Every structure is written in structure tokens, then in C-alpha cells.
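We did not get these values from a lab; they are worked out from the coordinates using the rules stated. What you see is a predicted model; the values in this text were computed from it and never measured. Note: ideal-geometry Cβ built from the backbone for every residue, glycine included; neighbour counts use all protein chains shown.
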Amino acid sequence: MRKQTIKRGKRPELMWGLGLDQEMAERIAEGVGPGFHLRNFAQDALPQARDLDQEEKPCAVWVPWSVWSNLAEGRRQELRAQEPTQRILIQEGDEAPLEMETVLAEGFLTVIRTPLVRPKVQDAVFRAREVTSMYSDIYRMTEEILLERELLARKTDQLMFLNRILASATESLDPATILLNAKDTLGLVLPVRLLHAVFWTRQRDSEVADVEMFLNGKTTPETESQWVEFLMAAAVEKGGGPINGFTVMHTDPARRPEFSLSPGDGKVVTMPLVAAHETFGALVLLCEPDYRLGRDQVETFRSAVNHLGLALRNALTFKEVKMRADRDGLTRIYNRHTFEERLVYEIKRRRRYNHDLSLLMVDLDHFKQVNDTYGHKAGDMVLRRVGEILSETFRTTDLAARYGGEEFVVLLPHTSEEAAWKLAERIREAIQASVFRFDGHEFAVTASIGVASVEAGALTRDDDLLVKADKALYKAKHNGRNMVVVSSPETPLAATR
């Protein structure tokens, strides 16, 4: 017969006996040796809840069938629930042998019969330890599998989140749309209440930067000023240089209660935006004050911001390229090409919807004298100021453009001839009232303006509006300059010299 040895630790392992008589307890203690400690409960003092809830659990429980069969089912269930304790059933020699199915159904590992000789006891203990070890291995493997599944699920969620960031960031080339989508998408990882952004562009041959801010919705002037100051400070810190000027745009033009939140109403997180190893902007997020991200969530969030940075850089580049293509480089208002495309579009709309359409042609008087007397830089200053006047005067639905040289045009949809005349007078007066200072000299300029309109219901050729406005401008020049002339003979001329 193969000799078995029990490996024992320094501390005896705990075993329980339930209602063992003295001889059974002695036989079991002798069979297992000094590496185990047997705690025997009397039949009338079996383990209670406090014993079952103790941190140290017995490795095995020895129970005579006579004791077990007399227990209430509730008490049996409490003892069966003790994991990973193995239960060993003891039958007296004169008791009818139990079927193994019954033994297993009662929650026992095995059954041994008296007399409890050493080999029987050792064999039962070995089986109990082997099963416990197997259960431990299975439990550990199960924990590892669950952990791997959890890690896989988290990585899947992270990939889905990054995919959503990429999808939302690349569906538009408008920075405002990208930022508005980003607030909702980043909210899947971080409780974002507001998301603002600031971008800066260094001027050529200068350390001074122009700043463009995108605020997440309109708010009160006081709160908006706080955010503007915060974003300006972020631009100075992250951009590493002084600021020349700034513009403010709103990604969501609506005014809602949450937009009144100031930088002090939560935790502010500033994330730099980097592309091609250059920091060109920053995201500023207002979050819940006590929220914490896990390490993997922080990495995922940084990856998302990097993707957003690339998308925003592309959007800003596209915006700049489009602006250069659509606008005059000096005055920053629209150029002739954009005006001609818009004119064709507005004439088609007028034919379809039968509304008024007017056009102003503005020409600066004696502009060549300004260049000859003060230099072309002075002339450029005048042209820029006229562009500013046109931009400040008209609606967003109107279109002001530099037509060529010192000549400008303004397209006015849904505007009658009389209204166009009044606007032209306002422009003429604003130009006349402007005082220009250059290189120690002070001077003024005036403008002649021709007005042409197509009234609702009139039938005209595509070039009629331009031809009429040009003729009206010629009359203004011929009649003495610094005046507004309308193309319709029924409308009286208005001149100021």
C-alpha cells in the first residue's frame, strides 16, 4: 500500500467536528496528526451564526450521520453554504450504508464508516484538500477570466469611444460644429458641463498672437467676461507669448441656464491642442468638481483630445484657406469672385421668390492722390478702414466686397431702392467723417456711390443690376463726387459736398 504523507504548514489547519463522541474525535485527531486542530462542537451546541461568520473557515467538517439526519433543513443549508469547506460524513458500522448519490445530495464530499482507522482518516483529508485545491484553482482561473473579460470590455468601450470621437470630429470642417459634437462625445467619459476652446495664431515676424475663442453658448456679459479672461490667460500660458487681439464666437447660440456657469462652478480642466509638435490651442472643460478618472480613462481621454486636435487643426486650416479664397487679403471683406457668384445666386432667388434686390457701387474719390501724396501704406490703411465700415454697417445676409482697386460693391437682398439709398448715404457720411493719420499727416477721403435696384416683379437681364449701378456711379463722379446717385430717374439725387 502506497504511503501517504500530509504536508503541514507552520500554523495548524482548523477542522470542525459536529457532535463527535470522544472516541471519534480522538481517532480523527490521531489520524490527521499535529498539523491540524480539531474543534468539536457538542451535539446540543452546534455552530451558530457568529461561528459561521468568522473569517477563518475550517478546511473540513466531520459529521456523524446520526447528528446530521436529526438537524432541521434550515440548519443543514447554513452548513452547506460554507465554502470552500469540505464536509465528511461518518456512519456507524451498524447503520445501513448510504448510496453515494444521497451522500453527494446532502452536500458531503465522501462517507467513511467506523472504526475510524488512520488510513481512512488520512484518505478523507487528502481528498478534501485535493478538492479544495481544485476549487481554488478553478476560482482563480474564473477570476482571471472575468478580469480579462472586464479588461477586454473596457478596451472595447475605449475603442468605440475613440471611434465615435473620430466620426464626430471628421463629419464637419466647421470648428464650431466639431466642438459642439465633442462636448457630447467627451461626456461619455467625463461629466462635461461646458466646453470652450481658444486658438491662437502668431503673426509673421512677430511674437504677438491673434486669438479666436469659441464659447459653448451665450451667457450673461459678466460670466462671459470671466470665461474670456480665463481663456486669454490659457492662451498666454500655453501659447507662450503676448496677445494682440481676440474674437469671440459661440458654438451654440442658444442662451440656457447651464451657460451661466462660471469657472468657479466646477472643476476646470485645460487640455492643450497639439498638431505637428506645435501647440495651437486649448480645450477648456468645466466638469463636476469631485469626479476622478481611472488611469486607462485618462489615457483614452488624452487620445481623444489628440484626435480632436488634429481635426480642429484641419478645420482651422480649411477655414483660413477658404477665407483667403473668398475674401480680399487687404480689407478682409469678400473679393470680386465671391461677389459675382453670390450675385448670380441672388438673381436666381429673386426670379423665383419675386423680392426686391439692390446693389451699391462705392468708389473712393481721388484715391490716386492719397497714394501719390502719402504712399501706398496710407492708401492701404484707407482701404482697410472702408472695409471695416462696410462690415459694421450691413446685415449678415448682405454681402460687401472689394470689386477692384478703390472700388467696392454691396449686394442687398430684400432691399428696396429707397432703403438702399438710405444705406448708401450712411456709408458715404461714415467715410467722409473718418479722419486718417499717417506719418504725422492728417487727411480725409470721400466716396461716390451708385445705387441700382430691381423691384419685385420686374424682368431684367442678369447684368442689368451691375450696368445700372455703374451708370449711377458714373453720374455721381461726373456731377461732382461725394454723393449718392440712384439709377432710377424718378428718385431725386442726394448730394453732399
Q: Excluding residues fewer than 8 places away in the same chain, name every one of the lysines whose C-alpha is closer than 29 Å to that of K348.
A: K319, K322, K422, K468, K471, K475
Q. Which far-off residues, 5 or more places away or on another chain, put their amide H under 5 Å from the one on Q86, with H placed in the peptide plane?
A. A60, V61
Q | Cα centre as origin, Lys/Arg/Asp/Glu Cβ charges: segment 13-137 dipole, Debye | A | 160
Q | Dipole magnitude of the chain about its Cα centre (Cβ charges: Lys, Arg +1; Asp, Glu -1), debye to nearest 20 | A | 1000
Q: May I ask which residue of T397, A45, P119 lies farthest towards the positive end of the charge dipole of the chain, with charges of +1 (Lys, Arg) and -1 (Asp, Glu) on Cβ and the Cα centre as origin?
A: T397
Q. If you add up the charges near I449, with Lys and Arg at +1 and Asp and Glu at -1, over every other residue whose beta carbon is less than 9 angstrom from its beta carbon, what do you get?
A. -1
Q) What FRET efficiency would be calculated for the residue pair L151, T201, taking the C-beta separation as r and a Förster radius of 51 Å, to the nearest 0.05? A) 0.75
Q. What is the local net charge at L330, summed over the other residues whose Cβ is closer than 10 Å to its Cβ (Lys, Arg +1; Asp, Glu -1)?
A. +2
Q: Give me V117, V125, V198 ranked fewest to most by other Cβ atoms within 10 Å of their Cβ, as a rough exposure proxy.
A: V117, V125, V198
**Q.** Under 15 Å, Cβ to Cβ, from L423 - net charge with Lys/Arg +1 and Asp/Glu -1
**A.** -3
Q: Counting helices only, and only those DSSP H runs with n ≥ 4, report the 222 nm mean residue ellipticity of the chain as the sum of -39,500 (n - 2.57) divided by its residues, in deg cm²/dmol to the nearest 500.
A: -15000 deg cm²/dmol
Q.
Tell me the relative contact order for the chain as a rounded percent, counting alpha carbon contacts under 8 Å between residues six or more apart.
A. 9
Q.
Neighbour counts of other C-beta atoms within 10 Å: give me E442, E406 arranged from fewest to most.
A. E442, E406
